[in-house]
Amino acid sequence: MLLEIVKYGHPVLRQKGAPVGAITPELRKLVADMLETMKAARGVGLAAHQVGQPIQLTVLDVSEVVDRPSTLELAGRTADVNGFMPVVLINPQVTPVGEPAAGPEGCLSFPEMYADITRPESVDVTALNEKGEPLAFRCGGLLARAIQHEVDHLKGILFIDRMTAEKKKELQDELDLLMAETKAALKAKK
């Protein structure tokens, strides 16, 4: 089932996500719906916050991106990124291991807005998958960038918080409009 992706200005995007305590049938359904929603929106990542659920859950799939490569290491060995996709991360922990690098980012909660964001080029990740099994891997490139972006969502941090002041100023009118539209839509639902 396709879920509504909340936009900038919705208060859930600023909440800290609660840890997931158990893998329930409802959680599995949410994961399936998030994967379907992300694919339909042509995104590479989607945090539970973006569908109105402030919990420590994100889904990612970079397999269809050919112009921005990703790397993956499982148990210290190079692995096939596409064979690992899609990936579900529950209660993820991310440790930077690479040098910071700027790269383009967008966000499904900020339609048609893009900016270069500086993040570590590679990260170590630990999490649980949708079956509750532990995952541990190192990744780089687009996958590392997407995971850091999504894990920020789980902490209530948005990519506009990591933009340069100049870029945020350049986008300010669009941001103000998006926030006003979101708040008006929320008010109309009450």
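The values are calculated or read from the model by the stated rules, or taken from the named source; none is laboratory data. Here the structure is a predicted model, which is why all the values come from computation and not from measurement. Every residue, glycine as well, gets a Cβ built from its backbone with ideal geometry; the counts of neighbours run over all protein chains shown.
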Q. Name the pairs: first residue in region 72-91 and under 29 Å from PRO54 (Cβ atoms), second residue charged (D, E, K, R) and not in a loop (DSSP other than H, G, I, E, B), Cβ to Cβ under 9 Å, at least 6 apart or on different chains?
A. LEU72/ARG138; PRO86/LYS39; LEU89/GLU150
Q. Is there a residue being within 28 Å of LEU27 (Cα to Cα) and in contact with a Phe, Trp or Tyr (Cβ under 7 Å, 6 or more places away or on another chain) anywhere in region 117-127?
A. yes
Q: Scan region 16-37 residue by residue and report those that are within 15 Å of the chain's Cα centre (by Cα) and part of a loop (DSSP other than H, G, I, E, B).
A: LYS16, GLY17
Q: Return the residue satisfying two criteria in turn: it lies in region 135-190 and is closer than 21 Å to TYR114 by Cβ, out of contact with any helix residue (DSSP H, G or I) (no Cβ under 8 Å at 6 or more places or on another chain) and of a type in the set (Lys, Arg), and of such residues it is surrounded by the fewest Cβ atoms within 10 Å (Cβ to Cβ).
A: LYS169
Q) Which numbered condition trips up THR95, out of (1) exposed (fewer than 14 other Cβ atoms within 10 Å of the Cβ); (2) without any contact (Cβ under 8 Å) to a residue 12 or more places away in the chain; (3) not in a helix (DSSP H, G or I)? A) (2)
Q.
If CYS139 satisfies all but one of (1) farther than 13 Å from LEU74 by Cβ; (2) not aliphatic (A, V, I, L, M); (3) not in a helix (DSSP H, G or I), what's the number of the condition it fails?
A. (1)
Q: Return only the number of the condition from (1) over 28 Å from THR164 (Cβ atoms); (2) under 16 Å from the mean Cα position of the chain (by Cα) that GLY106 does not satisfy.
A: (1)
Q.
So for region 64-71 (the condition being within 26 Å of ASP161 (Cβ to Cβ), surrounded by 12 or more Cβ atoms within 10 Å (Cβ to Cβ), modelled with pLDDT under 95 and within 17 Å of the chain's Cα centre (by Cα)), does at least one residue qualify?
A. yes
Q) Residue check: is ARG77 modelled with pLDDT of 95 or more and farther than 27 Å from VAL6 by Cβ? A) yes
Q | Pair list, Cβ under 7 Å, 6 or more apart: region 169-190 residue within 13 Å of GLY9 (Cβ to Cβ), other residue part of a helix (DSSP H, G or I) | A | LEU175/ILE160
Q.
Out of everything in region 125-134 that is assigned to a strand (DSSP E or B) and surrounded by 18 or more Cβ atoms within 10 Å (Cβ to Cβ), what residue ends up being farthest from the chain's Cα centre (by Cα)?
A. LEU128
**Q.** Hits in region 1-29 - residues which are touching a helix residue (DSSP H, G or I) at 6+ places or on another chain (Cβ under 7 Å) and either of a type in the set (A, V, I, L, M, F, W, C) or at positive phi (or both)
**A.** MET1, LEU2, LEU3, ILE5, VAL6, GLY9, VAL12, LEU13, VAL20
